[in-house]
Amino acid sequence: MFLSNLIDGRVIAEQLHGETSQRIASLSQRGLQVGLAFVRVGEDPASQVYVGMKEKTAERLGVRSVTHVLPEQVSQSELLELIARLNADPLVHGILVQAPIPRHIDSAQIYSAVCPKKDVDGFHPINIGKVLLGDPSGFLPCTPAGVHELLIRSGVPVAGADVVVLGRGNIVGKPMAAILMQKSPHADATVTLCHSRSRHVAEHCRRADIIIAAMGVPLFVKAEMVREGSVVIDVGVNRIKDSSTKTGTRLVGDVDFVNIQPKALKITPNPGGVGPMTIAMLMRNTVTAAENFSK
């Protein structure tokens with residue numbers, strides 16, 4: 001009944017992959033194969049799945065990828081040595097260190113060690129600084145960049161819109177707010193960033209033209225928090241107990257999709273919304289890195 005208001009991230013991601021493939025083919029004609037290195041520490045099941053999905057997409061698009069798997073107890077110096085080797089490798093254009101990183105390692109130092117020109121995840125302080133400054137020469141973090149593309153390609157007007165971003169994390173919330181507040185095309189929004197200490201969150205949400213939920217709280221956004229005709233983007237990935245499933249758990253987002261969909265002008269499903277876009281933006285960043293190195 002409400003399928004017409006779905007923002008299908010899989011379809012839009014395929015559009016992006018098509019554009020990226022053309023750029024990869026152009027580089028191939030010039031004798032350059034795009035190279036991407038994944039670094040995974042430990043055997044976290046979710047990390048294995050995420051890296052596997054990225055590997056498959058890279059292979060499909062013609063990107064040469066290599067995955068380096070290090071033991072859970074690897075030392076910080078050993079991890080830094082690997083990153084230094086990848087930084088110096090001319091066949092590697094992009095480097096992605098898969099989160100989470102074990103607690104005994106300073107993740108900020110690891111992300112800062114990746115060469116900014118190869119930081120296709122967009123986590124290096126230089127690239128984050130460029131996001132805040134509106135400098136297009138840096139790499140945008142993949143998930144907020146993917147959300148931005150969803151809005152653009154779904155025809156959602158952003159300029160002048162009241163946008164509420166739920167969550168102030170470094171991976172999604174902060175860069176998302178920075179992207180949408182820029183004085184630039186498909187931005188110029190009035191952004192409110194809510195977090196765990198914010199008061200009157202529901203009131204902020206009811207005022208919003210666009211809600212982007214990235215708090216990591218299962219089904220946090222309820223129908224009564226959303227006004228008719230708003231756009232709702234669900235970034236959350238949460239595992240909750242569900243005795244009706246074989247595993248005893250199931251994945252849900254930050255948004256109560258079933259009850260909010262009838263009220264929304266547009267809404268992302270979960271899964272099938274933001275997730276595919278994150279990988280699409282990673283591949284686009286990697287090709288951009290390769291093009292930059294070939295100049």
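Observations
- Among the strands (runs of 3 or more DSSP E) confined to the stretch 231-270, the ones with at least 1 residues that are polar (S, T, N, Q) and surrounded by fewer than 21 Cβ atoms within 10 Å (Cβ to Cβ) are located at 238-241, 249-252.
- Inclusion of residue 186 among residues that are surrounded by 15 or more Cβ atoms within 10 Å (Cβ to Cβ), in a helix (DSSP H, G or I) and not charged (D, E, K, R) is not warranted.
- If only residues of the stretch 134-155 that are free of Cβ contacts under 8 Å to residues at least 40 places away in the same chain, touching a helix residue (DSSP H, G or I) at 6+ places or on another chain (Cβ under 9 Å) and part of a helix (DSSP H, G or I) are counted, the one that is surrounded by the most Cβ atoms within 10 Å (Cβ to Cβ) is 144.
- Conditions (1) buried (at least 16 other Cβ atoms within 10 Å of the Cβ); (2) touching a strand residue (DSSP E or B) at 6+ places or on another chain (Cβ under 9 Å); (3) polar (S, T, N, Q): number failed by residue 33: (1)
- Pair list, Cβ < 8 Å and 6+ apart or interchain, from the stretch 95-113 residues that are among the acidic types (Asp, Glu) to residues that are assigned to a helix (DSSP H, G or I) and surrounded by 14 or more Cβ atoms within 10 Å (Cβ to Cβ): 106/76
- Within the stretch 196-230, being buried (at least 23 other Cβ atoms within 10 Å of the Cβ), in a loop (DSSP other than H, G, I, E, B) and β-branched (Val, Ile, Thr) holds for one residue alone: 226.
- Hey, residue 163 β-branched (Val, Ile, Thr), without any contact (Cβ under 8 Å) to a residue 40 or more places away in the chain, farther than 27 Å from residue 286 by Cβ and assigned to a strand (DSSP E or B) or not: no
- Residue under evaluation residue 44, criteria (1) modelled with pLDDT under 95; (2) not assigned by TED's automatic domain parsing to the domain that holds residue 110, criterion not met: (2)
- Given (1) of a type in the set (Gly, Ala, Ser); (2) in a loop (DSSP other than H, G, I, E, B); (3) in contact (Cβ under 8 Å) with a residue 60 or more places away in the chain, number of the condition residue 275 does not satisfy: (2)
The values are calculated or read from the model by the stated rules, or taken from the named source; none is laboratory data. Keep in mind the model is a prediction, meaning the values are calculated, not measured. Backbone-built Cβ (ideal geometry, glycine too); neighbour counts: all protein chains shown.
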